[in-house]
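Here the structure is laid out as structure tokens; the discussion comes afterwards.
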Amino acid sequence: MFNLVLVNPQIPNNTGAIGRLCVNAGAALHLIKPIGFDIDEKAVRRAGLDYWAKLDLHVWENIEEFFENNTITDNAHFATTKTDRPYFDAEFKDGDFIFFGSETAGIPEEILNAHKEKNITIPMTKDGRSLNLAISTGIVLYDAIRQNYSRFKEIS
């Protein structure tokens, strides 16, 4: 249904939780190296529990390899704190790619700039700087599912 793309994730527990989220949401998970941990790590498996084996997982050596093998046009959304466009203004379609950056650096600036019209953010108060990566993916992914719920019911 949807594709979550994590660019250079750093924290195994987040990635494990996102893997579990993807299984329950019928989404594929794309991990872009470098990754800050071994995906076979105990922490990833523990956070993903027994879901990790059911995960539609794609691991890419780098962002260039990902873009060479996936056509990205208007079928992608790039989550960042560097835009004012809220995620709930985006129109999500079946098969879309939803990008999230690493916990420490976000999505690289050159990627955000190349797709500025597809940048989205989760609104926060002025006291907030960012949300946990696993929480952020859940917020955006389930709004995408809400927008496409009739299709989601077909696959669940």
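A short reminder: the numbers here are calculations on the coordinates, not readings from a lab. Predicted, not measured: the structure shown is a model, and the values here were computed from it. Cβ placement follows ideal geometry from the backbone for every residue including glycine, while neighbour counts extend to all protein chains displayed.
Taking 0.36 nm per intervening residue step and subtracting the Cα-Cα distance, what contour gain separates Thr71 from Asp38 on full extension? Please report the intermediate quantities before stating the final value.
Working: separation 33, 0.36 × 33 = 11.88 nm, distance 2.74 nm.
Additional length available on full extension: 9.1 nm.
I need the phi-derived Karplus couplings for the stretch 60-68: 6.51 cos²θ - 1.76 cosθ + 1.60, θ = phi - 60°, integer Hz, Gly and Pro marked x.
Each residue of the stretch 60-68 in turn: 10, 5, 6, 5, 5, 4, 4, 5, 5 Hz.
Near the amide H of Ala76, under 5 Å away, which other amide H atoms are found, from residues 5 or more places off or on another chain, if H is placed in the peptide plane?
Result for Ala76 returns Phe97.
Quick check for the chain: number of Lys pairs with alpha-carbon distance under 28 Å, counting only pairs 8 or more apart or on different chains?
The number of close lysine pairs in the chain is 19.
Can you put Ile18, Ile107 in order, fewest other beta carbons within 10 Å first? All intermediate terms of the calculation are to be shown ahead of the outcome.
Details: Ile18 28, Ile107 23.
Going from least to most buried by this count: Ile107, Ile18.
Give me Arg85, Arg146, Arg129 sorted ascending by neighbouring Cβ count inside 10 Å, so fewest comes first. Before the final figure, lay out each step's value.
Values: Arg85 15, Arg146 11, Arg129 7.
With the sparsest Cβ surroundings first, the list reads Arg129, Arg146, Arg85.
Is the shape of the stretch 83-156 rounded, prolate or oblate, going by the alpha carbon gyration tensor and its root eigenvalues a ≥ b ≥ c, with a/c under 1.5 for rounded and a/b larger than b/c for prolate?
Values: a/c = 1.92, a/b = 1.56, b/c = 1.23.
Here the stretch 83-156 falls in the prolate category.
Check which residues have an amide H placed less than 5 Å from Val5's amide H, if you skip close sequence neighbours.
His30, Ile98, Phe99, Phe100
So for the stretch 3-155, averaging the separation of alpha carbon pairs under 8 Å that are six or more residues apart and normalising by length, what relative contact order in percent results?
Values: 255 pairs, mean separation 41.8, N = 153.
So the answer I get is 27 percent.
Could you give the length gained on full extension between Thr81 and Leu57, defined as 0.36 nm per residue of separation minus the Cα-Cα distance, in nm? Don't skip to the answer; put the middle values down first.
Values: separation 24, 0.36 × 24 = 8.64 nm, distance 2.61 nm.
Roughly 6.0 nm would be gained on extension.
Assign one of three labels to the chain, namely rounded, prolate or oblate, based on the Cα gyration tensor with a ≥ b ≥ c the square roots of its eigenvalues; rounded applies when a/c is under 1.5, prolate when it is not and a/b is larger than b/c, and oblate otherwise.
rounded
Order these peptides, 30-39, 7-16, by their mean beta-carbon neighbour count within 10 angstrom, highest first.
Values: 30-39: 17.0, 7-16: 22.2.
In decreasing order of mean packing, 30-39, 7-16 become 7-16, 30-39.
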